[in-house]
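The values are calculated or read from the model by the stated rules, or taken from the named source; none is laboratory data. Keep in mind the model is a prediction, meaning the values are calculated, not measured. Backbone-built Cβ (ideal geometry, glycine too); neighbour counts: all protein chains shown.
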Amino acid sequence: MATVFGATSAAISVSSSSSRKLHLPSRRSLPGRKASFLVVRSDAGANPNAGPRRAGQLITNAVATKADAAAASAPSKPGHELLLFEALREGLEEEMARDPTVCVMGEDVGHYGGSYKVTKGLADKYGDLRVLDTPIAENSFTGMGIGAAMTGLRPIIEGMNMGFLLLAFNQISNNCGMLHYTSGGQFKIPVVIRGPGGVGRQLGAEHSQRLESYFQSIPGIQMVACSTPYNAKGLMKAAIRSDNPVILFEHVLLYNLKERIPDEEYVCSLEEAEMVRPGEHVTILTYSRMRYHVMQAAKTLVNKGYDPEVIDIRSLKPFDLHTIGNSVKKTHRVLIVEECMRTGGIGASLTAAITENFHDYLDAPIVCLSSQDVPTPYAATLEEVTVVQPAQIVTAVEELCQ
Amino acid sequence: MALSRLSSSASGSNLLKPLTSALSLRRSFSAAADDSTPITIETSLPFTSHVCDVPSRTVETSPKELMKFFRDMALMRRMEIAADSLYKSKLIRGFCHLYDGQEAVAIGMEAAITKKDCIITAYRDHCTFLGRGGTLLQVFSELMGRQGGCSKGKGGSMHFYKKDSGFYGGHGIVGAQVPLGCGLAFAQKYSKDETVTFALYGDGAANQGQLFEALNISALWDLPAILVCENNHYGMGTAEWRAAKSPAYYKRGDYVPGLKVDGMDVFAVKQACKFAKEHALKNGPIILEMDTYRYHGHSMSDPGSTYRTRDEISGVRQERDPIERIRKLIFAHDIATEKELKDIEKEMRKEVDEAIAQAKESPMPDPSELFTNVYVKGYGVESYGPDRKEVRAVLP
């Protein structure tokens with residue numbers, strides 16, 4: 001039984017008990033923002049059959065190889081296979097076709113095709129006024145995107161690397177986040193700021209930053225982190241359609257992840273977490289690339305007899321305390337695995353939020369595994385130790401469950 | 001009809017009496033307010049330009065327009081002085097930046113454009129807001145933090161906005177509004193509106209890097225952006241020659257044309273803005289430097305006399321005050337008597353006092369307003385702030 005949040009009166013048919021998606025009539029562009037689409041939540045918890053099936057589809061290492069993907073999607077399901085950056089591009093293209101006010105601006109997004117090929121081909125299709133190559137001037141082109149959004153356009157601002165957005169921090173914090181409030185609701189800023197971040201393969205300290213923590217206290221913005229091609233496309237579309245400013249965090253190492261996604265149009269909810277693997281013993285909260293490290297650790301843990309529940313929180317601001325809370329009430333133990341910095345990171349906020357709200361349900365203190373508070377070193381061995389590795393996750397779960 | 005060439009110099013102007021005609025030249029105020037007969041005057045100074053043509057010094061106006069300018073400027077002046085005393089009686093708190101002395105820029109710009117054109121400025125925005133169609137009640141309510149304010153009391157002095165007439169604020173961090181303004185211009189070009197954006201900043205903010213970045217992008221993409229430097233010669237306490245190696249702000253665009261305008265002469269401002277609008281729609285960005293002056297300090301906490309002499313302030317008030325200039329023009333063309341103008345000023349004072357009284361009665365915002373407008377309730381999802389409690393998201 002798939003859980004569906006119905007929208008309007010469109011006749012919705014639930015095909016089979018094991019399908020977790022619905023077939024939508026294909027949409028043409030709509031003038032208004034009426035919610036006549038379906039937001040599908042993978043509420044695997046409600047359907048015991050969905051659990052193992054989902055686990056079978058799991059991509060357990062960061063960069064999937066062709067063989068894995070082929071094996072995982074062997075039973076022929078409708079849908080098409082693509083890589084994560086292609087999924088982002090598909091979402092972007094669909095939204096640009098649907099709404100003429102959507103435009104993309106960033107460095108090398110146009111003629112070059114995007115530094116990670118997310119916008120490849122769009123400039124030829126939509127022209128220079130909708131896919132805009134900017135000079136290297138983050139502060140001003142972010143400001144320009146926000147100014148354009150004040151009038152009703154929906155720009156997508158791409159930071160070539162999230163670290164570069166620090167140059168635009170004033171615009172993001174003061175103008176993007178606050179204008180809706182300080183104008184008493186007169187202006188909305190439907191802007192999407194996206195770009196890759198996270199620790200890559202020896203990219204050096206300034207190009208391997210985990211900046212989610214810096215943006216999380218800005219009032220008025222929403223932050224989401226995508227981790228699979230499915231949720232990348234869904235979150236991209238949701239972010240574009242949202243009337244609030246959304247920062248979409250992608251990860252450099254996840255761009256080549258391959259997955260089969262549905263042909264039909266779907267949108268993921270911006271504020272909801274994703275249940276990756278339901279379980280009983282411990283709740284592991286994670287997002288972005290660490291999800292794969294966690295799933296790798298989960299394989300080991302299952303062999304050792306533990307049953308971890310893995311939730312990809314996806315929404316970094318606001319936290320989906322509902323899903324998380326239900327999980328905490330079930331398992332009573334929480335482990336947070338993240339790539340963000342230890343001090344003042346997403347994990348730190350999440351720990352505080354869970355403790356405040358669900359303290360009575362916890363049997364053990366919350367354990368938070370985050371990256372070390374150091375600039376990412378270049379040397380491969382040192383870089384590996386900077387982020388959380390599956391072995392550390394296994395150890396942490398074992399300690400937690402004693 | 002009565003045409004006169006007026007070349008106004010500093011104080012004693014050799015006013016040429018209008019050529020007599022059989023018609024009576026002494027009109028009453030009420031008639032003058034509707035009289036649209038054209039009068040030709042010259043701006044106080046010629047324009048200086050950088051990489052572009054100079055607009056003509058000769059401006060056409062009418063008694064109706066002259067009276068309107070006088071009335072509007074007197075209202076703005078009165079409003080700012082009233083804000084001064086409200087601040088001193090602690091009804092307005094925080095920062096309050098007053099615009100008196102610079103009214104000609106706001107009025108002249110309004111006269112040259114429509115409400116579909118956009119204006120964006122920094123924090124010295126009370127008069128610009130009024131010029132864009134805001135009411136006195138909205139101004140004073142917002143200044144005192146009441147519900148009736150234009151931003152529901154949540155913005156304050158530095159955050160006035162009026163979306164329906166194209167006034168985009170109202171920004172506390174100077175310099176940041178210029179890329180926003182270029183973004184507005186981008187949206188105008190995108191939607192093919194044939195409108196322009198005026199992005200105002202001061203001589204202090206003119207040294208911000210994001211200005212040059214935004215100018216570069218606007219010139220590359222041919223955006224209808226007009227950058228207006230309101231040069232009142234002091235960036236808070238720092239004189240312009242101490243902050244900028246090259247205080248010729250209109251030249252700083254390098255490849256972007258610029259125009260230097262006497263910002264205390266409302267007709268010069270109007271002419272320059274008209275010229276700039278035509279230019280921007282055809283050729284892309286242009287910079288206007290308005291040479292203006294503020295009588296008050298930078299804000300209410302700045303006496304304004306530690307970095308400049310009182311003589312300088314009173315000198316400018318005597319020689320270049322924009323309202324005095326209009327008054328002399330009105331007398332020179334016999335459009336109204338001194339008593340009539342004084343009556344207008346009294347009327348403006350009364351309007352301001354009434355608005356203040358009404359604003360004082362407006363209630364403070366409800367505590368629940370703390371959490372409204374943080375997010376847009378779009379996309380059908382209820383958002384309660386970063387820590388959503390156990391209520392599930394409600395989709396439509």
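Determine whether region A:95-105 contains at least one residue that is surrounded by 21 or more Cβ atoms within 10 Å (Cβ to Cβ), closer than 24 Å to B:GLN210 by Cβ and among the β-branched types (Val, Ile, Thr).
Scanning region A:95-105, I find at least one residue that is surrounded by 21 or more Cβ atoms within 10 Å (Cβ to Cβ), closer than 24 Å to B:GLN210 by Cβ and among the β-branched types (Val, Ile, Thr), so the answer is yes.
If you take the residues of region B:129-153 that are touching a Ser or Thr at 6+ places or on another chain (Cβ under 6 Å) and assigned to a loop (DSSP other than H, G, I, E, B), which of them is surrounded by the fewest Cβ atoms within 10 Å (Cβ to Cβ)?
So, considering only residues that are touching a Ser or Thr at 6+ places or on another chain (Cβ under 6 Å) and assigned to a loop (DSSP other than H, G, I, E, B), the one surrounded by the fewest Cβ atoms within 10 Å (Cβ to Cβ) is B:GLY133.
With the condition being crowded, with 23+ Cβ neighbours inside 10 Å and either away from every other protein chain (no Cβ under 14 Å) or at pLDDT below 90 (or both), I'd like the strands (runs of 3 or more DSSP E) fully within region A:311-402 carrying at least 2 qualifying residues.
Result: A:334-341.
Going through region A:188-199 one residue at a time, which ones are surrounded by fewer than 24 Cβ atoms within 10 Å (Cβ to Cβ) and more than 17 Å from the chain's Cα centre (by Cα)?
Within region A:188-199, just A:LYS188 meets the criteria.
Identify, please: which residue in region B:167-183 is facing another protein chain (nearest Cβ under 7 Å) and part of a helix (DSSP H, G or I) and is, among those, surrounded by the fewest Cβ atoms within 10 Å (Cβ to Cβ)?
By that ranking, first place goes to B:LEU180.
Working only within region B:108-128, note down all residues that are over 19 Å from A:TYR181 (Cα atoms), among the β-branched types (Val, Ile, Thr) and surrounded by 24 or more Cβ atoms within 10 Å (Cβ to Cβ).
Scanning region B:108-128 gives B:ILE119, B:THR128.
Check off (1) more than 9 Å from chain A (Cβ to nearest Cβ); (2) assigned to a helix (DSSP H, G or I); (3) surrounded by fewer than 24 Cβ atoms within 10 Å (Cβ to Cβ) for B:ASP164 and give me the number that stays unchecked.
Going through (1) more than 9 Å from chain A (Cβ to nearest Cβ); (2) assigned to a helix (DSSP H, G or I); (3) surrounded by fewer than 24 Cβ atoms within 10 Å (Cβ to Cβ) one by one, B:ASP164 breaks only (1).
Being without any contact (Cβ under 8 Å) to a residue 60 or more places away in the chain and more than 9 Å from chain A (Cβ to nearest Cβ) narrows it down to one of B:LEU143, B:LEU130, so name that one.
Of the residues listed, the single one that is without any contact (Cβ under 8 Å) to a residue 60 or more places away in the chain and more than 9 Å from chain A (Cβ to nearest Cβ) is B:LEU130.
Which of the residues that make up region A:265-308 are part of a loop (DSSP other than H, G, I, E, B), touching a residue at least 60 places away in the same chain (Cβ under 8 Å) and more than 14 Å from chain B (Cβ to nearest Cβ)?
Residues satisfying the conditions are A:GLU265, A:PRO278, A:HIS281, A:TYR287, A:SER288, A:ARG289, A:LYS304, A:TYR306.
Yes or no, residue by residue, for (1) part of a loop (DSSP other than H, G, I, E, B); (2) small (Gly, Ala, Ser); (3) in contact with a Ser or Thr (Cβ under 8 Å, 6 or more places away or on another chain); (4) at pLDDT 95 or above:
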site	(1), (2), (3), (4)
B:ILE326	no, no, no, no
B:PRO363	yes, no, no, no
B:GLU369	no, no, no, no
B:LYS377	yes, no, yes, no
B:TYR384	yes, no, no, no
B:LYS389	yes, no, no, no
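On the given criteria, is A:MET150 facing another protein chain (nearest Cβ under 8 Å) and not β-branched (Val, Ile, Thr)? I'd like the intermediate steps shown before the answer.
On the way: facing another protein chain (nearest Cβ under 8 Å): yes; not β-branched (Val, Ile, Thr): yes.
When the stated conditions are applied, A:MET150 passes them.
So, in region A:126-147, how many residues would count as being in a helix (DSSP H, G or I), within 7 Å of chain B (Cβ to nearest Cβ) and of a type outside the set (Gly, Ala, Ser)?
Step one: of region A:126-147, the residues in a helix (DSSP H, G or I) are A:126, A:138-147.
Checking the rest, the ones that are also within 7 Å of chain B (Cβ to nearest Cβ) come to A:139-141, A:143-147.
Those still in the list that are of a type outside the set (Gly, Ala, Ser) too: A:139, A:141, A:144, A:146.
Result for region A:126-147: 4.
Can you give me the number of residues within region B:99-128 that are within 28 Å of B:LYS192 (Cα to Cα) and part of a helix (DSSP H, G or I)?
9
Let's see how each residue does on (1) polar (S, T, N, Q); (2) over 23 Å from B:GLY263 (Cα atoms); (3) at pLDDT below 90; (4) in a loop (DSSP other than H, G, I, E, B):
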{"position": "B:ASN14", "(1), (2), (3), (4)": "yes, no, yes, yes"}
{"position": "B:PHE69", "(1), (2), (3), (4)": "no, no, no, no"}
{"position": "B:MET79", "(1), (2), (3), (4)": "no, no, no, no"}
{"position": "B:HIS97", "(1), (2), (3), (4)": "no, no, no, yes"}
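Checking the structure you have, find out if any residue of region A:216-235 is free of Cβ contacts under 8 Å to residues at least 12 places away in the same chain, surrounded by fewer than 24 Cβ atoms within 10 Å (Cβ to Cβ) and not basic (Lys, Arg).
Here is the first cut: in region A:216-235, the ones free of Cβ contacts under 8 Å to residues at least 12 places away in the same chain are A:217.
Still in the running and surrounded by fewer than 24 Cβ atoms within 10 Å (Cβ to Cβ): A:217.
Remaining after also requiring not basic (Lys, Arg): A:217.
Looking through region A:216-235, at least one residue is free of Cβ contacts under 8 Å to residues at least 12 places away in the same chain, surrounded by fewer than 24 Cβ atoms within 10 Å (Cβ to Cβ) and not basic (Lys, Arg).
Out of the residues in region A:238-262 that are under 24 Å from A:VAL104 (Cα atoms) and in a loop (DSSP other than H, G, I, E, B), state the one that is farthest from the other protein chains (Cβ to nearest Cβ).
Per the criteria, the residue is A:ASN256.
Restricting to region A:169-193, name every residue that is in contact with a Cys (Cβ under 9 Å, 6 or more places away or on another chain) and either within 11 Å of another protein chain (Cβ to nearest Cβ) or small (Gly, Ala, Ser) (or both).
Listed by number, the residues that qualify are A:SER183, A:GLY184, A:GLN186, A:ILE189, A:VAL191.
Here are some conditions: (1) within 10 Å of chain A (Cβ to nearest Cβ); (2) part of a strand (DSSP E or B); (3) of a type in the set (Ser, Thr, Tyr). B:TYR201 meets all but one. Which one does it not meet?
Answer for B:TYR201: the failing condition is (1).
The conditions are (1) under 17 Å from the mean Cα position of the chain (by Cα); (2) not in a loop (DSSP other than H, G, I, E, B), and B:TYR87 fails exactly one of them. Which is it?
Looking at each condition in turn, B:TYR87 falls short on (1).
From (1) more than 7 Å from every other protein chain (Cβ to nearest Cβ); (2) touching a Gly at 6+ places or on another chain (Cβ under 7 Å), pick out the condition that doesn't hold for B:SER151.
(1)
Just to be sure, is A:SER208 polar (S, T, N, Q) and more than 13 Å from every other protein chain (Cβ to nearest Cβ)?
So A:SER208 fits the description; yes.
Return the pair list, or none, for Cβ contacts closer than 9 Å from residues in region B:249-262 that are in a loop (DSSP other than H, G, I, E, B) to residues that are hydroxyl-bearing (Ser, Thr, Tyr), at least 6 apart or on different chains.
Listed by first residue and then by second, the contacts come to B:ARG252/B:SER246; B:VAL256/B:SER218; B:PRO257/B:SER49; B:PRO257/B:TYR250.
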